[in-house]
Every structure is written in C-alpha cells, then in structure tokens.
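Colleague: The structure's right below; bear with me while I get my questions together.
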C-alpha cells in the first residue's frame, strides 16, 4: 500500500535535512495512519538530535500505547510533564495508562488535573464523573446533620395538627 502524499513529502524533507524538526510531523502522520512502529522509529531518530522536543515525545508516547508498551509510554509522558506540567496530551496519556492498569484513584487525579486545564471537554468530564463514581464512596443519604426523609415524615405526621372538621349542613343531607 503506498504511503499518503503527506507522509512522502515529510519523509523527503527529513531525508534531505536529517536535523529538521519535521521528523515530529512525520512521526505524527505515521501514528495517525496506524503505522505505530514507524512513528516510534522516526521519533527516536529525531529525538536523538532534538531530545527536548516535547511534542515529539507526546507522539512517541501515544504510539507506544498503541504498541502495548505502557511503561515506555508513561516514561515519555512523565518526561514531558517534568518539563511542561500543564501539557494536556501528556496528562491524558498518563491518566489513560493508569486507568488501564486499574490504578483508578491515581488516574482520577490526573484526569481531574487535565479537566482543570480543559474544562469544556465533555469526554474528559464524562471520564472524571465515571471514575469518581467508581472510586469515591457515595454520599450517605441521611447524614448525622439532619433527618432522613422517613424520619422527617414520621416527625411531621406525629406533630401535625388534626385535619379541619368538615361541617355537614342540613341542606346537603336532603
């Protein structure tokens, strides 16, 4: 299957100038095309020249997740977060890995940090809500601060005044 023209153009640019940062775009195009090992290979080669290029590390982490190499992916994301703590893609990547591993409380913390950075992201909000329900105990229905509905109903019925008497008139009886 021939590569798409965008990949071919970027590949030529990187071959012409191996020090070009276009490697990051090439790797991302490979990742989007489902060519995960190619994305990893391109990232590793480019990061050998540009080790501080954080967006390439995020692409590398995403490709490593797809190759089922979560430890390597998490290491890349954590490196990004050490340098850019508010990198949304890296936060989400770490959270996803923790979630898949079953470290739900830790994943929830990372997802909440990401949601604080992207408060209008409905998918992120849904994930946080679902994890919160799974991790955090539900609030008690009746707290020690007040009465439960049943207790309140019982108290009301015990202390409610009697219903008003209905007057019967002789005209109504005929």
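Colleague: Can you list residue pairs whose Cβ atoms sit under 9 Å apart, with the first residue in segment 120-140 being on the phi < 0 side of the Ramachandran plot and touching a residue at least 24 places away in the same chain (Cβ under 8 Å) and the second being in a loop (DSSP other than H, G, I, E, B) and surrounded by 13 or more Cβ atoms within 10 Å (Cβ to Cβ)? Count only pairs 6 or more apart in sequence or on different chains.
Modeller: 124/118
Colleague: Can you pull out the residues in segment 85-102 that are surrounded by 15 or more Cβ atoms within 10 Å (Cβ to Cβ) and assigned to a loop (DSSP other than H, G, I, E, B)? Write out each step before concluding.
Modeller: Initial filter on segment 85-102 (surrounded by 15 or more Cβ atoms within 10 Å (Cβ to Cβ)): 87-99.
The answer is 87, and nothing else.
Colleague: Go through segment 48-84 and count every residue that is without any contact (Cβ under 8 Å) to a residue 12 or more places away in the chain, loosely packed, with under 15 Cβ neighbours inside 10 Å and assigned to a loop (DSSP other than H, G, I, E, B).
Modeller: Summing the residues that are without any contact (Cβ under 8 Å) to a residue 12 or more places away in the chain, loosely packed, with under 15 Cβ neighbours inside 10 Å and assigned to a loop (DSSP other than H, G, I, E, B) in segment 48-84 gives 2.
Colleague: Does segment 7-29 contain at least one residue that is surrounded by fewer than 23 Cβ atoms within 10 Å (Cβ to Cβ) and within 20 Å of residue 92 (Cβ to Cβ)?
Modeller: Yes, segment 7-29 contains a residue that is surrounded by fewer than 23 Cβ atoms within 10 Å (Cβ to Cβ) and within 20 Å of residue 92 (Cβ to Cβ).
Colleague: Report, by residue number, each residue of segment 103-119 that is assigned to a helix (DSSP H, G or I) and either in contact with a helix residue (DSSP H, G or I) (Cβ under 7 Å, 6 or more places away or on another chain) or at positive phi (or both).
Modeller: Applying the first criterion (assigned to a helix (DSSP H, G or I)) to segment 103-119 yields 104-117.
Within segment 103-119, 104, 105, 106, 107, 108, 110, 111, 112, 113, 114, 115, 117 meet the criteria.
Colleague: Among residues belonging to segment 129-144 that are surrounded by fewer than 19 Cβ atoms within 10 Å (Cβ to Cβ) and in contact with a helix residue (DSSP H, G or I) (Cβ under 9 Å, 6 or more places away or on another chain), point out the one that is modelled with the lowest pLDDT. Show your work before the answer.
Modeller: Step one: filter segment 129-144 for residues surrounded by fewer than 19 Cβ atoms within 10 Å (Cβ to Cβ), giving 129-130, 132-144.
With the extra rule that they be in contact with a helix residue (DSSP H, G or I) (Cβ under 9 Å, 6 or more places away or on another chain), the set shrinks to 132, 134-136, 141-142.
Working: 132: 93, 134: 91, 135: 90, 136: 83, 141: 62, 142: 51.
Looking at residues that are surrounded by fewer than 19 Cβ atoms within 10 Å (Cβ to Cβ) and in contact with a helix residue (DSSP H, G or I) (Cβ under 9 Å, 6 or more places away or on another chain), I get 142.
Colleague: Out of all the residues in segment 18-41, which are part of a loop (DSSP other than H, G, I, E, B) and farther than 15 Å from residue 68 by Cα?
Modeller: Taking segment 18-41 as the starting set, the residues that turn out to be part of a loop (DSSP other than H, G, I, E, B) are 18-21, 33-35.
18, 19, 20, 21, 33 - these are the residues of segment 18-41 that are part of a loop (DSSP other than H, G, I, E, B) and farther than 15 Å from residue 68 by Cα.
Colleague: On the basis of being over 19 Å from residue 39 (Cα atoms), buried (at least 21 other Cβ atoms within 10 Å of the Cβ) and free of Cβ contacts under 8 Å to residues at least 40 places away in the same chain, does residue 105 make the cut?
Modeller: Values: over 19 Å from residue 39 (Cα atoms): yes; buried (at least 21 other Cβ atoms within 10 Å of the Cβ): no; free of Cβ contacts under 8 Å to residues at least 40 places away in the same chain: yes.
No.
The values are calculated or read from the model by the stated rules, or taken from the named source; none is laboratory data. Keep in mind it's a predicted model, so treat the numbers as computed, not measured. A quick note on method: Cβ atoms are made from the backbone with ideal geometry, for glycine too, and the neighbour counts reach across all protein chains shown.
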